[in-house]
Amino acid sequence: MKLIYVMDPQCGWCYGNSKNIQKVYEAYKGEVEFDFLVGGMWIGDQAPKGGEETNNFIKQHSPPMEEKTGALVSTEFYELSKDESYIFSSFEPALAITWVKKNAPEKLLDFISELQRAQFYFGQRYDDFKTYLTILQNLEIDTKSFMDGWGSDEDQNDTIAEINQARHLANGFPSLLIDKGDGEAEELAAGYFDGDEMVDKIYGYTV
């Protein structure tokens with residue numbers, strides 16, 4: 001049996017759902033396989049740049065997420081959303097997630113959580129290499145190997161393939177699916193979910 005979590009580093013609701021997927025992971029990591037997929041919410045020309053329109057979008061959608069999840073969006077992030085030099089691209093952070101998945105898979109979920117916190121809570125940029133290096137250092141992941149392998153053709157191709165797979169599986173971000181071994185993924189949640197309730201729901205599949 002495998003649990004498939006589909007998220008996107010630019011997705012505010014995925015940021016808000018971090019503690020809940022962590023609860024699920026901690027409850028079942030010893031007995032259930034986990035697969036974390038990047039969704040590719042904002043890729044290429046679809047990725048908005050900072051400015052008044054993006055800032056208004058974030059001011060509209062962030063408060064309901066904060067109220068529902070308890071996750072905080074900082075003043076620094078709102079300021080970042082006004083910065084016309086910043087493009088809210090999913091691809092660069094997705095590439096970093098791909099690299100960590102291959103090279104430090106046991107720390108992948110922590111990396112994803114800290115990566116989103118870096119932007120939404122601290123207002124740090126995904127187009128700044130220091131954002132990634134700081135998180136890697138804090139998680140004791142080899143930064144030299146990361147720098148040497150950053151953006152390889154293999155990782156880019158794997159990231160694109162993963163995005164295509166995620167878009168095929170998920171109706172939105174975040175999504176949690178379960179594959180009971182028959183090759184068919186059943187949707188457990190599309191959007192934010194309660195971690196304790198989800199732990200109980202998954203238990204019904206394991207007994």
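What follows is calculated from the coordinates using simple rules that are stated; it is not laboratory data. None of these values were measured; they are calculated from a predicted model. No Cβ is skipped: glycine too gets one built from the backbone with ideal geometry, and neighbour counts run over all protein chains shown.
Using a/c under 1.5 as the rounded threshold, could you call segment 1-155 rounded, prolate or oblate? The axes a ≥ b ≥ c are square roots of the C-alpha gyration tensor eigenvalues, and prolate needs a/b larger than b/c, oblate otherwise. Cα axes put segment 1-155 in the oblate bin.
Once you sort the root eigenvalues of the Cα gyration tensor of segment 72-127 as a ≥ b ≥ c, which label holds: rounded (a/c under 1.5), prolate (a/b larger than b/c) or oblate (the other case)?
Numbers: a/c = 4.27, a/b = 1.77, b/c = 2.42.
Verdict is oblate for segment 72-127.
Here the relative contact order of segment 1-132, from alpha carbon pairs under 8 Å that lie six or more residues apart, stands at 30 percent. In segment 99-207, a dipole from Cβ-located charges (positive for Lys and Arg, negative for Asp and Glu) runs towards its positive end, and of LEU169, VAL100, LEU188 it is VAL100 whose Cα lies farthest in that direction. Around the Cα centre of segment 51-207, unit charges on the Cβ atoms of Lys, Arg, Asp and Glu (plus for the first two, minus for the last two) sum to a dipole of about 180 debye. Ordering VAL6, TYR203, GLY51 by the projection of their Cα atoms onto the charge dipole of the chain, which places +1 on the Cβ of Lys and Arg and -1 on the Cβ of Asp and Glu, puts GLY51 at the extreme positive end. Across segment 128-207, Cα pairs under 8 Å and at least six residues apart give a relative contact order of 16 percent. Angle of helix 129-138 to the longest C-alpha principal axis of the chain, folded into 0 to 90 degrees and rounded to 10: 50°.
Separation of segment 129-190 and segment 40-104, taken as the distance between their Cα centroids, equals 16 angstrom.
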